[in-house]
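Below is one structure; the comments refer to it alone.
No lab work stands behind these numbers, since they all come straight from the coordinates. If you're wondering where the values come from, they're calculated on a predicted model, not measured in any experiment. Don't worry about glycine lacking a Cβ; one is built from the backbone with ideal geometry, like all the others, and counts go over all protein chains shown.
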Amino acid sequence: MNPGAATFRAPGRVNLIGGQVDYHEGWVVSLAIDRDVRVRATPRSDGRVVAHSSHFDGQVDIPADGTADPPATRPQWGRAIAGVTRVLAEKGREPVGADLEITSTIPVGSGLSSSAAFEVACALALCDAAGFALHGTDLALAAQRAEHVATGVPCGIQDQMASVLGRAGHAVFLDCRTLTVEHVSMPPELCVLVVHSGVARTLEGSPYAERRAESEAVAARLGVRVLRDATLEQVHDIPRGRHAVTEMTRVREFARALRERDLDALGPLMLASHASSRDDMEVSIPELDILVECLVDAGAYGARLTGAGFGGCVVAIGPAAAATTSAAQATAEYRARTHREPTAWTVRASDGAGRVDEPGR
Ligand code: GLA
């Protein structure tokens with residue numbers, strides 16, 4: 001065993017409701033899930049960060065002082081590591097090198113925030129190697145900035161906050177303006193099912209940035225900084241604005257229903273969220289719409305696309321007792337209707353990012 005080595009994990013997340021509203025300082029309800037990125041870090045004395053991944057080819061080898069240019073870093077998956085290294089250097093982390101061994105159980109391109117988890121786990125590992133600490137919201141904000149710096153994708157804050165602040169057995173109800181979190185316990189009789197549509201997507205190259213710009217243009221037109229400050233009356237005839245304002249209301253209603261165990265209310269809110277994402281925000285694709293229908297046909301209370309849209313996963317909630325049969329029925333119907341290969345798994349709310357205890361240490 002290497003005495004200086006330590007392992008850190010950061011979970012992916014599934015957004016139960018609250019699509020395309022984090023960047024308007026809205027509310028979202030997510031779970032940190034029981035799939036994660038793990039980074040084993042061993043300090044190096046030569047001031048280099050050298051990373052290997054079980055998932056991606058090649059070796060990343062960059063200076064630990066943040067001077068590597070993130071977008072220019074090769075292989076491509078190293079951009080995020082360069083982004084994290086740069087952001088941590090800006091925050092005062094000493095340029096201590098480290099070997100990083102990275103593994104992941106989060107499917108890439110699924111809408112389960114593999115990249116946010118990657119950045120959070122790398123940040124924790126690099127902080128530890130240099131005796132530097134970042135916690136909670138500061139860690140989430142650093143990981144978000146690393147994504148901006150590395151890829152230019154103008155992501156919001158919900159993924160990183162869920163990955164950092166998740167709690168086992170609980171949903172994370174996040175206010176993206178104040179960055180305050182309420183942990184709401186998940187009813188044990190409820191199961192959360194995630195189904196990949198078989199259509200991959202990455203945020204980069206998807207119309208995510210375009211949609212974000214379109215809805216920010218609505219705010220500008222109305223003279224408000226973000227759509228959290230718009231009223232339904234103001235956006236009534238503007239689809240992008242209407243999506244944001246109605247979605248924020250649905251999220252708060254969803255959190256209330258979860259808190260008060262008003263389970264009948266949850267499904268219709270998710271379905272309304274999907275319809276609004278499809279019709280007003282236009283971030284769905286036919287496969288995701290069909291998958292939502294198949295899940296409801298198979299007994300789910302509600303389902304909606306999760307993540308940025310344009311492919312990836314649908315999330316559904318349903319009775320825990322019927323999870324396996326519902327998943328089998330929904331995926332069979334979806335396969336028959338689309339000739340795509342879906343993948344389904346149940347997810348459990350897990351704890352947020354942190355050090356992994358290693359026996360014997
Ligand atoms: C991506 C972004 C998030 C959020 C969602 C859409 O996952 O990373 O910040 O904007 O899309 O809700």
Pairs of alpha carbons in segment 1-129 whose separation is greater than 27 Å (percent): 21 percent
Per-pair calculated FRET efficiency, R0 = 30 Å: residue 328 and residue 103 via Cβ, rounded to 0.05: 0.55
Qualifying trypsin sites (Lys or Arg not before Pro) in segment 192-259, DSSP loop, other Cβ atoms within 10 Å at most 13: 225
Gyration tensor (alpha-carbon) shape descriptor, segment 1-70, a/c threshold 1.5: prolate
Percent of alpha-carbon pairs separated by more than 31 Å within the chain: 33 percent
Full-extension gain in nm, residue 135 to residue 224, via 0.36 nm per residue minus C-alpha separation: 28.9 nm
Computed FRET value (nearest 0.05) for residue 252 with residue 185, which takes r as the C-beta separation and R₀ as 22 Å: 0.80
Separation in nanometres of the label points that stand 7 Å from Cα toward Cβ, at residue 357 and residue 237: 6.2 nm
Cleavage-rule hits, GluC sites (Glu not before Pro), segment 2-110, DSSP coil, Cβ neighbours within 10 Å at most 11: none
Within the chain, helix-based [θ] at 222 nm, where runs of 4 or more DSSP H residues each add -39,500 (n - 2.57), nearest 500: -12000 deg cm²/dmol
Alpha carbon centroid spacing (whole Å) that separates segment 131-196 from segment 100-129: 13 Å
Listed peptides 297-307, 189-199, 175-185, 321-331 by packing density, highest first (mean Cβ within 10 Å): 297-307, 189-199, 321-331, 175-185
Which of 294, 155 has the fewest Cβ neighbours within 10 Å, and the rest in rising order: 155, 294
Residue list for segment 115-131, given a label point 7 angstrom along the Cα-to-Cβ vector of residue 46 and an amide N cut-off under 14 Å: none
